[in-house]
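The values are calculated or read from the model by the stated rules, or taken from the named source; none is laboratory data. Source: prediction; values computed, not measured. A quick note on method: Cβ atoms are made from the backbone with ideal geometry, for glycine too, and the neighbour counts reach across all protein chains shown.
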Amino acid sequence: MKLDSKYFDCVRVKPLNEEAVREHGPICQWRGCQLAGLHRAPKGRGREGQYYFLCLAHVREFNASYNYFEGMSNSDIEAYQKESVIGHRPTWRAGANAWAHGTRYGMGGSHGSARPMHDPHAFFVWRGERGSATVSQPRRRLKPLELKSLEALDLGADASRQQIKGRFKELVKRHHPDSNGGDTRSEDKLREIIQAYNYLKQAGLV
C-alpha cells in the first residue's frame, strides 16, 4: 500500500476504547454508568431473546451473579434439565405414539377430543373400516376323520371350539355309568365320544 494512499488513514491498528465508541452505540444500562453498552446480557427465564446492553466491566459482574434457575425448586430444575435433553418436545413410551395418546387428530374423532381428518378423496377410509368391521377368517377344509369325529358329537362342520367343548361335557355327563345305571351301550358311546374329542383336540380344532 502506498503511504500517500487515501485508504491508509482508514486502517485502524488499535481498537477504540469505550469512551470513543459511546457516541455511536447505546449507553450501558447499569444504573449510574455512562459507558457504551456494547455487550449483551440475557434478561432471564421467560424473556428469551431479550437482552440488556452493558459495558465490559458490568457485563462481567452480571455474568458472575447470573442464575437462570433463580426462583425454581430443585424438582423443577431437575424436570427442566431432563426435558432439555429432548428439546422440551413431547415424548411417548416405546410402542406408543401421538395417535395412541390422543394428541393428534384421529380418524373420525375416536380418540377423545381428536377431530376428524379432512380426507376429500377418501384415501384413509380403510383405517375406519379396519377398526369397525370384523373380518371372519375362513376355516380350513376338514378331513374325513375330523368330520366323522364331529358327527360323533352330533355337531356340524362349522362348529366352533366353544361348541365342541360344551357338547363334549354334555355327552360325557349323559353317558357316564353313574347316570345311566351301568348300561353297556352307553359305555360304548362314551368311549366313542372321548376318542372323537381327543382326535379333534390333536387336530387343533379344540
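For this structure, a couple of remarks:
- Selected residue [modelled with pLDDT of 80 or more, in a helix (DSSP H, G or I), closer than 21 Å to P42 by Cα and of a type in the set (F, W, Y)] from F62, F69: F62
- One residue from L155, L205 being part of a loop (DSSP other than H, G, I, E, B) and touching a residue at least 40 places away in the same chain (Cβ under 8 Å): L205
- Of the numbered criteria (1) of a type in the set (K, R); (2) at pLDDT 80 or above; (3) assigned to a loop (DSSP other than H, G, I, E, B), the one K2 fails is (2).
- Within the stretch 162-194, tally of residues that are closer than 16 Å to V206 by Cα and loosely packed, with under 12 Cβ neighbours inside 10 Å: 2
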